[in-house]
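To start, the structure itself, in structure tokens.
Every number in this text was worked out from the coordinates using simple rules, so none of it is lab data. For clarity, every value in this text was computed on a predicted model and none was experimentally measured. Here the Cβ positions follow ideal geometry from the backbone for every residue, glycine too, while neighbour counts run over all protein chains shown.
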Amino acid sequence: VAIKAEKCRHFTALIASSENRPAALFRVTRSLIHRDAREDPLEGRAEDFGQFLHDKIARIREGFNFNMEGPAEVTRTGLENVIWTEFDPVTLDDVDRLLVGLRATTCVLDPCPSWLVL
């Protein structure tokens, strides 16, 4: 009888401490109702996701029309004939000054802005 009374006090305190926190209240209620269902909710999820991703990539690859004869004729843009014959020399200080003066739009830790790399 003492154990039952202590369990009652314990769960009453848990429910009271879950006030205004529905997720905590549902967790306590679920633990009271489903005593035998103690399985890990994340068990097997990584393997399932890996298999799903593998299958999806396989389906995408099946949709490609691979031509084993080689690439088709590439459409020319007209820019392949542009030859730059003259450059203005720059120093490392010029490059540093340019990079330091730019606004960091991606991340503070990036060595240079993403638009410059692309």
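If R0 equals 35 Å, the separation of the Cβ atoms of Phe26 and His54 corresponds to a calculated FRET efficiency of about 0.55.
The label-point distance for Trp84 and Ala13, in a model that sets each label 7 Å from Cα toward Cβ, rounds to 7.3 nm.
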